[in-house]
Amino acid sequence: MDNPKADMQERVILREVGLRDGLQILPEVMPTQDKLAWLSGAYACGLREIEVGSFVPPARMPQLADTSTLVQHALQLPGLTVSVLVPNLKGGIAALASGAHALLFPVSASQAHSMANLRKTPQQAVADVAAIRAERDSAGSACAIEVGISTAFGCTLQGEVRAETVVNLVQEALLAGADKISLADTVGYADPRQVSELFEMMEKVAPGRVVAAHFHDTRGLGIANVMAAYTIGIRRFDSCLGGLGGCPHAPGASGNVSTEDMAYLFARMGVATGVNVEAVLALRQKLSGWLPNHTLYGHIAKAGLPKPATLEVVS
């Protein structure tokens, strides 16, 4: 994480996670050709970090069975950081073999959520991180290992998640070999004060290592939580086109903060993201055609850009 006193205008990176988080709970499978169009469209909008899928058993999550195909397509896009989510050692090995630039391993701060999501305790999940790190080092791979601390701000299944629990897991994950850490509000429980306090705590116990945030807008506080994290120095945020997304093992965990809203927020503030808001809104229209039976979320797409629209793409 950057120093909280750093220049507020420092570049922000938005990582589009729709192709994974946005699709994983849908009852139907989006055709690969539509996913490839989404991927290329996101890149054309200026997004330079995209989570293209997850190496999970196809029988368990057929929505993501074509992840290898998406990784290979994404690797052809210059300057794009290609990331995938993995739930276990087998998935980690597949991610390393795919050539993805980064892999995200979710470790839940909630014991109940961890057992439901990974069928492992948080400590068993951390052990998988260590095994993946050993595989990476043995293979001489440059793939970055990011541990995402799920339910870091609370859990639908368990309820309260203590900050001390999150601190301990962050430290364990780093000792296991994680390169960086992100904190996720998996079920939309967080509030801005809680976000500020937890990220400030992370900077004290793991300076420079907790570098990203993942917020759901379940209770309407997504953008407020983004701003809380941004104000104290976080410069990488996950977002999802159309505000889709949710966890199949976290009841009520509705969509992520929409890419459109987050891109608009920073463009309006004059903060560099390299993302073209109008292009993202146009891509959202295409997404509504690819997923005609699903509601898309977010505010700027409904309200429209202020007139006259004077948003400049800041790179």
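The values are calculated or read from the model by the stated rules, or taken from the named source; none is laboratory data. If you're wondering where the values come from, they're calculated on a predicted model, not measured in any experiment. For neighbour counting, all protein chains shown are included, and Cβ atoms are generated from backbone atoms with ideal geometry for every residue, glycine included.
Restricting attention to the range 122-157, which residues are in contact with a Gly (Cβ under 8 Å, 6 or more places away or on another chain), within 12 Å of residue 106 (Cα to Cα) and either modelled with pLDDT under 95 or assigned to a strand (DSSP E or B) (or both)?
145
Determine whether residue 26 is surrounded by 24 or more Cβ atoms within 10 Å (Cβ to Cβ) and assigned to a loop (DSSP other than H, G, I, E, B).
no
Suppose we filter the range 241-272 for residues that are surrounded by fewer than 24 Cβ atoms within 10 Å (Cβ to Cβ), at pLDDT 95 or above and part of a loop (DSSP other than H, G, I, E, B); how many remain?
Counting residues in the range 241-272 that are surrounded by fewer than 24 Cβ atoms within 10 Å (Cβ to Cβ), at pLDDT 95 or above and part of a loop (DSSP other than H, G, I, E, B) gives 2.
Pick from 147, 126, 161: which is of a type outside the set (Gly, Ala, Ser), out of contact with any helix residue (DSSP H, G or I) (no Cβ under 8 Å at 6 or more places or on another chain) and at negative phi?
161
Taking the conditions exactly as written (crowded, with 17+ Cβ neighbours inside 10 Å, charged (D, E, K, R) and at pLDDT below 95), does residue 21 satisfy them or not?
Details: crowded, with 17+ Cβ neighbours inside 10 Å: yes; charged (D, E, K, R): yes; at pLDDT below 95: yes.
Yes: the conditions hold for residue 21.
Does residue 119 satisfy being touching a helix residue (DSSP H, G or I) at 6+ places or on another chain (Cβ under 7 Å), among the charged types (D, E, K, R) and either modelled with pLDDT of 95 or more or closer than 20 Å to residue 54 by Cβ (or both)?
Spelling it out, it is not the case that residue 119 is touching a helix residue (DSSP H, G or I) at 6+ places or on another chain (Cβ under 7 Å), among the charged types (D, E, K, R) and either modelled with pLDDT of 95 or more or closer than 20 Å to residue 54 by Cβ (or both).
So is residue 125 free of Cβ contacts under 8 Å to residues at least 24 places away in the same chain and buried (at least 17 other Cβ atoms within 10 Å of the Cβ) or not?
Details: free of Cβ contacts under 8 Å to residues at least 24 places away in the same chain: yes; buried (at least 17 other Cβ atoms within 10 Å of the Cβ): yes.
The answer is yes for residue 125.
Here's a check for you: in the range 80-98, which residue that is in contact (Cβ under 8 Å) with a residue 40 or more places away in the chain and in a loop (DSSP other than H, G, I, E, B) is nearest to residue 41 (Cα to Cα)?
86
State whether the residues of the range 20-38 include one that is closer than 20 Å to residue 91 by Cα, touching a strand residue (DSSP E or B) at 6+ places or on another chain (Cβ under 8 Å) and of a type in the set (A, V, I, L, M).
no
Has the range 144-158 got at least one residue that is more than 18 Å from residue 123 (Cα to Cα) and touching a strand residue (DSSP E or B) at 6+ places or on another chain (Cβ under 6 Å)?
yes
Restricting attention to the range 158-190, which residues are surrounded by fewer than 16 Cβ atoms within 10 Å (Cβ to Cβ) and assigned to a strand (DSSP E or B)?
159
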